[in-house]
Amino acid sequence: MNDATLSRGGRPPRYDAAVPEEAPVDQSRFRAPIGTHDVLPPESERWMAFVAAFAERAARYGFGLVLTPIFEHLEVFQRVGESTDVVRKEMYDFEDKGGRRIALRPEGTAPVVRAFVQHHPPVPWKVWYVAPHFRYERPQKGRYRQHWQVGAEVLGVDDPEVDVEVIALAHGFYRALGLEHVNLVINSMGDEHSRPAYIALLREYLLDHAAQLGDTFRERVEANPLRVLDSKVEDWQDVIERAPQLTAHLSDESRESFEIVQLRLRELGIRYELAPRLVRGFDYYTGTTFEFQSAALDAAQNAIGGGGRYGKLAEEMGGAPTSGIGFGIGVERVLIACEAEAVAQPAATHADVFVVNAFRGDAAGEGSAEAARLVYELRESGVRAERTYGDRSVKAQFKAADKSGARRTVVLGQDEAVRNAVTVKDLVSGEQLEIGRDGLAEWLELRNDEDHVTKST
Ligand code: HAM
């Protein structure tokens, strides 16, 4: 042991430890893969609260939970668009042991539509989900290879009123979290009567500039000119900004529908901005598209949710023509935005009571057995109870109780045990009280309820 070890507060080396004979374990193999992360307590408490709040809100809007597999046949996801980055570059796809082409879910809409086509539920079919999504992207803050989304979809009603309900569901969720710096941007992708003519016009316009902007630009335009519109490549921005806009080329039906969406949003007091170049990352969108952007995040990752209407996806999967609309909200990004705006912070969770074994010289383990029994009974009757393990002094147990954040300790002693009682000590006021063992759980529950009421008022 040398002074340096001591001054760094490190443990003294154990000279009796066995010297490993094998090569040391490569610890980099035992870390979460790049672009993924573990969510540990207390951060996970925040996740649970987040999902619970979304679930409650979705139920209020009439949505039921849908659970689809984490992987699907590759074809399901190919339907979201061959020209999209998600399909071209980011899919986690592989061949399974039966030789099937499989992909991990990169987005949530295609599996929901696949399930709809497969099971023919009655319409309108209103469902919500919470699920991990996988995209092979370059990881950075707010952009991960596994991220989580909560989302919602409505299938079977092609009505702008539904578009507004879906937008309102997401909009209210951000508000309920306390986020204030969230901007809603909307656009319309038009329908089969307006889009082909617009795409032809856009392609022609963009190709006119291809000579000066290079091969990648030309390739993108040829694959799908719409994909160029929301590109962030700096050199292309001038040309993109002057490109013809879809909303100026909508069919009468699409325009009327989009106008109703806007009118209703205004009537509900939901503020929005028009974003004529918002095409979003999938080919399935027709009609209304929207995105929620956080002004508290970097522009590259400021989308904290987005969605839109998709008119053809069910048919493309062999189903009857069925229009749908929905959105996905990125859980990690919203939580980063909550941090940036200092709202919806994790509530510290802790035990309600800490059981202390104060049996004198507990060699027979009587006190320890009593502590185990009491902790069990309290937990089973709804009280969060904690204790220490092993042979710890009363002083050490009280120290652990303090650290645990519990409001009260229940002290077990021989003298009280004779009277079938325990001593409850309030760690805040220092008050001490003897309580009968039989009514203890009920008494503690009552005190806890009172504590919660005082805390929340
Ligand atoms: P998306 O815009 O690709 O849409 O994803 C939805 C949200 O998930 C984004 O706004 C963002 O918050 C989050 N997100 C996406 N990629 C990542 C990533 N790599 N890391 C962290 N967060 C991410 C969809 O997925 C559509 N399925 C939405 C939809 C539903 N459209 C119609 N219905």
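Quick one: how many residues across the range 337-366 are on the phi > 0 side of the Ramachandran plot and touching a residue at least 60 places away in the same chain (Cβ under 8 Å)? First the steps, then the outcome.
Of the range 337-366, the ones on the phi > 0 side of the Ramachandran plot are 342, 344, 361, 365.
Next, only the ones that are touching a residue at least 60 places away in the same chain (Cβ under 8 Å) stay: 344.
Total meeting the criteria: 1.
May I ask you to verify whether Asp283 is within 16 Å of the ligand (Cβ to nearest atom) and either within 25 Å of Gly172 (Cβ to Cβ) or modelled with pLDDT under 95 (or both)? Against the criterion (within 16 Å of the ligand (Cβ to nearest atom) and either within 25 Å of Gly172 (Cβ to Cβ) or modelled with pLDDT under 95 (or both)), Asp283 qualifies. Checking every residue in the range 299-311 against the condition of being more than 20 Å from Val166 (Cα to Cα) and either of a type in the set (Lys, Arg) or in contact (Cβ under 8 Å) with a residue 40 or more places away in the chain (or both) gives at least one match.
Every listed requirement among (1) more than 30 Å from Thr216 (Cα to Cα); (2) in contact (Cβ under 8 Å) with a residue 24 or more places away in the chain; (3) outside any loop (DSSP other than H, G, I, E, B) is met by His133 save one, (1). Annotation: of all residues in the range 101-151 being more than 9 Å from the ligand (Cβ to nearest atom) and of a type in the set (D, E, K, R), the one that is farthest from Thr84 (Cα to Cα) is Lys126.
Determine which member of the set Thr388, Thr349 is hydroxyl-bearing (Ser, Thr, Tyr) and within 30 Å of Gly35 (Cβ to Cβ). Reasoning before the result, please.
Working: Thr388 fails: within 30 Å of Gly35 (Cβ to Cβ).
None of the others qualify; the one that does is Thr349.
A quick yes/no check of all residues on (1) among the hydroxyl-bearing types (Ser, Thr, Tyr); (2) touching a residue at least 12 places away in the same chain (Cβ under 8 Å):
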| position | (1), (2) |
| --- | --- |
| Ser381 | yes, yes |
| Ser393 | yes, no |
| Ala400 | no, yes |
| Ser404 | yes, yes |
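Close Cβ contacts (under 9 Å, 6 or more residues apart or on different chains) running from residues in the range 94-116 that are in contact (Cβ under 8 Å) with a residue 60 or more places away in the chain to residues that are among the acidic types (Asp, Glu) and in a helix (DSSP H, G or I) comprise Val113/Glu316.
Assessment of the range 365-381 against the conditions (loosely packed, with under 13 Cβ neighbours inside 10 Å and closer than 26 Å to Glu43 by Cα) yields at least one matching residue. Residues being surrounded by fewer than 18 Cβ atoms within 10 Å (Cβ to Cβ), assigned to a strand (DSSP E or B) and in contact with a Leu (Cβ under 9 Å, 6 or more places away or on another chain): count how many of those fall in the range 148-189. Matching residues across the range 148-189 total 0. Residue pairs whose Cβ atoms lie under 6 Å apart, separated by 6 or more positions or on different chains, with the first residue in the range 156-169 and under 13 Å from Gly305 (Cα atoms) and the second not hydrophobic (A, V, I, L, M, F, W, C), are Leu169/Tyr61.
Are any of the residues in the range 245-259 more than 30 Å from Ala211 (Cβ to Cβ), part of a helix (DSSP H, G or I), more than 13 Å from the ligand (Cβ to nearest atom) and in contact with a helix residue (DSSP H, G or I) (Cβ under 6 Å, 6 or more places away or on another chain)? Yes, the range 245-259 has at least one match.
Looking at the range 199-219, I want the residues that are under 23 Å from Met189 (Cβ atoms) and have a partner that is charged (D, E, K, R) with Cβ atoms under 9 Å, at least 6 apart or on another chain. Which pairs are those? Final answer for the pair search is Arg203/Glu222; Tyr205/Arg242; Leu206/Arg218; Leu206/Arg220; Leu207/Arg218; Leu207/Glu222; His209/Asp238; Phe217/Asp235. Just one residue in the set Arg271, Arg277 is part of a loop (DSSP other than H, G, I, E, B), within 16 Å of the ligand (Cβ to nearest atom), in contact (Cβ under 8 Å) with a residue 24 or more places away in the chain and charged (D, E, K, R); that residue is Arg277.
Just one of Ala49, Ala53 is assigned to a helix (DSSP H, G or I), at pLDDT 95 or above, under 26 Å from Ala347 (Cα atoms) and not acidic (Asp, Glu); which is it? Please lay out each step first, then the result.
Values: Ala49 fails: at pLDDT 95 or above.
Within the list Ala49, Ala53, the selection yields Ala53.
Being in contact (Cβ under 8 Å) with a residue 60 or more places away in the chain, over 18 Å from the mean Cα position of the chain (by Cα) and not in a strand (DSSP E or B) holds for only one residue in Val87, Val80, and it is Val80. Do we find that Val164 is of a type in the set (A, V, I, L, M) and either touching a strand residue (DSSP E or B) at 6+ places or on another chain (Cβ under 8 Å) or within 16 Å of the ligand (Cβ to nearest atom) (or both) in this structure? So Val164 fits the description; yes. The one condition from (1) surrounded by fewer than 20 Cβ atoms within 10 Å (Cβ to Cβ); (2) at pLDDT 95 or above; (3) of a type in the set (S, T, N, Q) that Gln237 does not meet is (2).
Quick one: is Leu335 more than 21 Å from Ile435 (Cβ to Cβ), surrounded by 14 or more Cβ atoms within 10 Å (Cβ to Cβ) and under 37 Å from the mean Cα position of the chain (by Cα)? It is true that Leu335 is more than 21 Å from Ile435 (Cβ to Cβ), surrounded by 14 or more Cβ atoms within 10 Å (Cβ to Cβ) and under 37 Å from the mean Cα position of the chain (by Cα). Determine whether Arg309 is within 14 Å of the ligand (Cβ to nearest atom) and more than 15 Å from the chain's Cα centre (by Cα). Spelling it out, Arg309 is indeed within 14 Å of the ligand (Cβ to nearest atom) and more than 15 Å from the chain's Cα centre (by Cα). Could you look through the range 126-142, keep only residues that are of a type outside the set (A, V, I, L, M) and touching a helix residue (DSSP H, G or I) at 6+ places or on another chain (Cβ under 8 Å), and pick out the one that is nearest to Asp93 (Cα to Cα)? Only one residue fits best here, namely Arg135. Residues in the range 240-260 that are β-branched (Val, Ile, Thr) and closer than 25 Å to Gln301 by Cβ: Ile240 only. One residue stands out in the range 290-305 among those that are surrounded by 23 or more Cβ atoms within 10 Å (Cβ to Cβ) and near the ligand (Cβ under 8 Å from one of its atoms): the one that is nearest to Phe327 (Cα to Cα), namely Gly305.
The values are calculated or read from the model by the stated rules, or taken from the named source; none is laboratory data. Bear in mind that the values here come from a model prediction, so they are computed numbers and not experimental data. Here Cβ is always computed from backbone atoms with ideal geometry, including for glycine, and neighbour counts include all displayed protein chains.
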